[in-house]
């Protein structure tokens, strides 16, 4: 396992490329535009600069990490030598199925195909390939260079050999892999998203304000970040997409997204990525938005 291809240079993709490259793997980072790739490399460089400033790595380590990454706008070129592909595109089932059909055609027959999906069935994704036994989930947590957990999800056909390889590969990154079964939301989001949704319902019903809800959960439940701030950090569109997967997958009302969440996503208020969600975000700094905004 030497050559890693990462599909998508966004928040998750560049973080995944970062940790593989820093751990000595040769990484091919693939995206549809040079602009997206440049943003991804700039993010990796800034994160490495922070690590150098904190004396966690040396300047030489930073340069070696960056030298381990090549960028490609062609999927076929980017995966042609891959031992492992990690797909980290938008959480959209149709897009992921399209990507995996292409990966199956372009990647070497030996290559393991993994997805960073946070909720979509691994078995469903694997079914569009000719190698379902080599398809697996690797759900990294954001921010990838910091968070230790990786959910490892085996599909219906994933072999023990592939599972063991991915578990050991995750450990080589300094991560803690946890095997879970292929059900909607897996473990992390099956528990997290209903909590976030309930926090939004609590706000929507007027039980308490944004800061009050987040403060209760931080100080009362020892959460490092309140659920509404976390939702902004994840992306409200991502939260909505995952809740819809849970609702469709389990067919129960408890996963139904709060109307406030639906309205905010429709209005383009997506959290940190758009500059406004439950908080207003400027250069990563949050400010509280007037509570009346949430009564619409």
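The values are calculated or read from the model by the stated rules, or taken from the named source; none is laboratory data. Every value quoted in this text rests on a predicted model; they were computed, and no experiment measured them. Please note: Cβ atoms are built from the backbone with ideal geometry, for glycine as well, and neighbour counts cover all protein chains shown.
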- Task: Could you check how many residues of the range 65-88 are crowded, with 23+ Cβ neighbours inside 10 Å and not in a helix (DSSP H, G or I)?
- Result: 7
- State all residues of the range 116-130 that are touching a strand residue (DSSP E or B) at 6+ places or on another chain (Cβ under 7 Å) and surrounded by fewer than 24 Cβ atoms within 10 Å (Cβ to Cβ); if no residue qualifies, say none. 129
- Taking the range 236-273 on its own, how many of its residues are at pLDDT below 95, part of a loop (DSSP other than H, G, I, E, B) and surrounded by 16 or more Cβ atoms within 10 Å (Cβ to Cβ)? 2
- Test residue 97 against the criterion of being surrounded by fewer than 20 Cβ atoms within 10 Å (Cβ to Cβ), in contact with a helix residue (DSSP H, G or I) (Cβ under 9 Å, 6 or more places away or on another chain), at pLDDT 95 or above and under 20 Å from residue 153 (Cβ atoms), and give yes or no. yes
- residue 197 vs. criteria assigned by TED's automatic domain parsing to the domain that holds residue 93, modelled with pLDDT of 95 or more and either more than 19 Å from the chain's Cα centre (by Cα) or surrounded by 15 or more Cβ atoms within 10 Å (Cβ to Cβ) (or both): no
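Which members of the range 77-98 meet the condition of being under 23 Å from the mean Cα position of the chain (by Cα) and either more than 16 Å from residue 2 (Cα to Cα) or outside the structural domain of residue 150 (by TED's automatic domain parsing) (or both)?
87, 88, 89, 90, 91, 92, 93, 94, 95, 96, 97, 98
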